[in-house]
Every structure is written in C-alpha cells, then in structure tokens.
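Report on one structure; see the data block that follows.
The values are calculated or read from the model by the stated rules, or taken from the named source; none is laboratory data. Since the structure is predicted, the reported quantities are computational estimates derived from the model, not experimental observations. Every residue, glycine among them, receives a Cβ derived from its backbone with ideal geometry; neighbour counts consider all protein chains shown. Note: accessible area is taken over every heavy atom of the protein model, side chains too, but ligands, DNA and RNA are not part of it. Shrake-Rupley method; radii C 1.70, N 1.55, O 1.52, S 1.80 Å.
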Amino acid sequence: MPSLMRTSSSPGHSPPDSPPDNGPASSPDGPLQDKLQQLYSARAARYDLELAPFATLRDEAIAALQLQPGRTVLDLGCGTGLSLPALRQAVGSRGRVIGVELCPAMLVRAQQRVAEAGWRNVELQLASAEQTVLKRTADAALFFFTHDLLQQASALPALLARALKPGARVVAVGLCWAPPWQPWSNAFVLGAALYSVASLDGLAQPWRHLAAALRVSQLERRCLDAAYLLQGCR
C-alpha cells in the first residue's frame, strides 16, 4: 500500500461549466432530507445494476481497509448491501459488520440480503449521520459512492469520533470532476450525478470534508479521473 501522508486538500479539477463549491455543506434537513429520501427510494430497485460497473473499484476499496478476522467494520451509506458480503468475508465469523443507511427502501433490500445469507454478525441500522449510535467503536469504515453523506461537513467529524477507534482505517470512493481536458470523463460524471446525487455541489473535491477529519490520508484517482479513492486513518 502507498505510504500515507499528512492530511491535506488536494487541488480539485473542475470543468469550466461545473458548479462552484459553496463552502461547507450542512446536514440534511427539511426539503433536502425529503429530496434525499425520494432520490434514494427511486433508485433502490435498480441500485445494484447501477453500481455493477464499479465492482472492481469496490473490491479495491475493501482491500484498502486492510481488515483482519475478528475486527468490526462500518459500511456507512450501505445502500442495498452490495459491500456486505466482501466485508463479512474479510472480518470472518468472529468479526462484525455494521451497515448504516438513511433510506428505508434501500435498507429493506440490504436486510433481505442478510436474511437470505443467514449472517448473524451483520447488523443494519436505519439512521442519518447524526442519528447513528453504535454499541462499539469500529476498526474501519467504508464510504462507497456516498456523495451526499460526505458533503455533511458538520456531521462527519462527530460521526467518526464516536463511531471509530483512534487509528481506524477509513476508505471512501465516489465520482468527481475530472480535469477540464477530459470532457468525456466529465460528461459521464455529469450524467451519473444528475440522477444519483441530491446536489452537484462538492463534486470538484467530494472527499474534502472527510480528509479534513482524518489524521492522515492519501488520494488517488481512478476511471480516467472520473472517480477517486481516498484512504486514511482517524
């Protein structure tokens, strides 16, 4: 694994017509909360197909968590539970996987996945970032395509502080604007984001609030710069 560096905000690349970042985003409430619920509920039935092209990137993200048998890992914004099988395999039967999801329609599908597999060490929780309450702190956390969650600047530090052990590994993956000289990448990001996130704000550096809450972090770009992989430690 590449060595980790002190946390810093890597320069973002925005296409000329991309919306500006308007400072720290707030936690979802009111109309935004309603928009998130409507958006994610509408995507629940097709979510697995939408994320299928990124299966290799998911595998890379989970490998970057460096999980060991017996550990506890959080899947924040777990959606329909696509990451749960690999996370559970990594921590083994003595470990624990905790999935947290804001949208009931998404979580129902994750619950079905867990029930069909008969996993007794996978716990699912319906909660926002502020509402997430855990019985134990975790050794690692995964944010996989959780753009709207990562824009909640005020909620992220508190969530990590109460949910993760000091030194816990954190990995985040998602879409982002590519440099302006890669218009095809940005066309893909725009098309995907228009129906998959509540706001285009923050797409220049979607990782920035999370990186600021970590002690060390390292950023890498993937998929012709249309995606990022951030890994670090609390």
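Tell me whether the stretch 203-211 contains one or more residues that are of a type in the set (K, R), in contact with a Pro (Cβ under 7 Å, 6 or more places away or on another chain) and closer than 16 Å to F143 by Cα. No - not one qualifying residue is present in the stretch 203-211. The single condition among (1) open to solvent by 60 Å² or more (accessible area, probe 1.4 Å); (2) outside any strand (DSSP E or B) that K165 does not satisfy is (2). Does T72 satisfy the criteria of being among the hydroxyl-bearing types (S, T, Y) and over 19 Å from D139 (Cα atoms)? So T72 fails the test.
Residues of the stretch 113-131 that are more than 15 Å from the chain's Cα centre (by Cα) and touching a residue at least 12 places away in the same chain (Cβ under 8 Å): R113, V114, A117, W119, N121, V122, E123, L124, Q125, L126, E130.
Quick check: anything in the stretch 170-181 among the aromatic types (F, W, Y) and over 18 Å from L76 (Cα atoms)? Yes: the stretch 170-181 contains one or more residues that are among the aromatic types (F, W, Y) and over 18 Å from L76 (Cα atoms). Quick one: is V197 buried (at least 20 other Cβ atoms within 10 Å of the Cβ), touching a Phe, Trp or Tyr at 6+ places or on another chain (Cβ under 7 Å), within 23 Å of E60 (Cβ to Cβ) and among the β-branched types (V, I, T)? So V197 fails the test. Residues that are open to solvent by 60 Å² or more (accessible area, probe 1.4 Å), of a type in the set (A, V, I, L, M, F, W, C) and more than 23 Å from W207 (Cα to Cα) number at least 2 in the following helices (runs of 4 or more DSSP H) confined to the stretch 43-156: 104-117.
Does the stretch 188-209 contain any residue that is basic (K, R), in contact (Cβ under 8 Å) with a residue 12 or more places away in the chain and under 23 Å from G99 (Cβ atoms)? No, the stretch 188-209 contains no residue that is basic (K, R), in contact (Cβ under 8 Å) with a residue 12 or more places away in the chain and under 23 Å from G99 (Cβ atoms).
So for the stretch 154-168 (the condition being among the small types (G, A, S) and at positive phi), does at least one residue qualify? Looking through the stretch 154-168, at least one residue is among the small types (G, A, S) and at positive phi.
Do we find that R221 is open to solvent by 20 Å² or more (accessible area, probe 1.4 Å), farther than 22 Å from Q38 by Cα, touching a Ser or Thr at 6+ places or on another chain (Cβ under 9 Å) and not aromatic (F, W, Y) in this structure?
So R221 does not fit the description; no.
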